[in-house]
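The structure appears below as structure tokens.
The values are calculated or read from the model by the stated rules, or taken from the named source; none is laboratory data. Note that this is a predicted model, so its numbers are computed, not measured. Cβ coordinates were reconstructed from backbone atoms using ideal geometry, including for glycine residues, and neighbour counts include every protein chain displayed.
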Amino acid sequence: MKVKIREIRVGQISLLSFSALFTLLRILQASDWELNIGLGLFGIWVVAPYIVFLLIVLRKKHSQLEEELGIFIASLLMLALTIFFYSDISSTSTASLIFVWGPLYLLIGAPILIAIGPLLAKKIISKN
């Protein structure tokens with residue numbers, strides 16, 4: 001079975017889009033579904049890591065299978081971290097701080113994930 005780079009790219013975009021949507025739903029739920037300008041601007045900060053990562057994915061024109069699989073693995077790890085960060089948000093005043101620090105951690109971690117992803121992909125491909 002041969003995997004096409006286009007299929008991997010669709011998977012990357014799907015994972016990142018789901019992560020951004022999950023994050024937006026969690027921030028709306030934490031705000032009791034009240035929309036205002038401040039929340040909208042803050043929402044941009046919260047989804048910034050996914051937008052940056054998505055721009056990196058879309059900017060790559062010609063890449064090898066290992067790089068694409070690496071970015072897919074990094075996208076999967078970003079989804080896992082997103083679910084970990086935002087899955088248990090209580091109504092305490094300090095619980096909402098995860099919306100400040102979570103995106104910062106993901107923005108710092110994205111280049112690391114992009115660097116580690118292809119290395120993991122090469123190991124996976126070499127085992128098969």
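Based on what the data block shows, is residue 19 of a type in the set (Ser, Thr, Tyr), touching a helix residue (DSSP H, G or I) at 6+ places or on another chain (Cβ under 9 Å) and more than 23 Å from residue 74 (Cβ to Cβ)? Before you say what the answer is, go through the steps one by one.
Working: of a type in the set (Ser, Thr, Tyr): yes; touching a helix residue (DSSP H, G or I) at 6+ places or on another chain (Cβ under 9 Å): yes; more than 23 Å from residue 74 (Cβ to Cβ): no.
Against the criterion (of a type in the set (Ser, Thr, Tyr), touching a helix residue (DSSP H, G or I) at 6+ places or on another chain (Cβ under 9 Å) and more than 23 Å from residue 74 (Cβ to Cβ)), residue 19 does not qualify.
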Problem set entry | Set 44, 98: member being out of contact with any strand residue (DSSP E or B) (no Cβ under 8 Å at 6 or more places or on another chain), outside any loop (DSSP other than H, G, I, E, B) and either among the basic types (Lys, Arg) or surrounded by fewer than 18 Cβ atoms within 10 Å (Cβ to Cβ) (or both) | 44
Exercise. Where residues in the stretch 24-50 are among the β-branched types (Val, Ile, Thr) and modelled with pLDDT under 90, which of them is farthest from residue 87 (Cα to Cα)?
Worked result: 37
Exercise. Quick one: which of 5, 73, 27 is touching a Leu at 6+ places or on another chain (Cβ under 6 Å), surrounded by 14 or more Cβ atoms within 10 Å (Cβ to Cβ) and touching a residue at least 12 places away in the same chain (Cβ under 8 Å)?
Worked result: 73
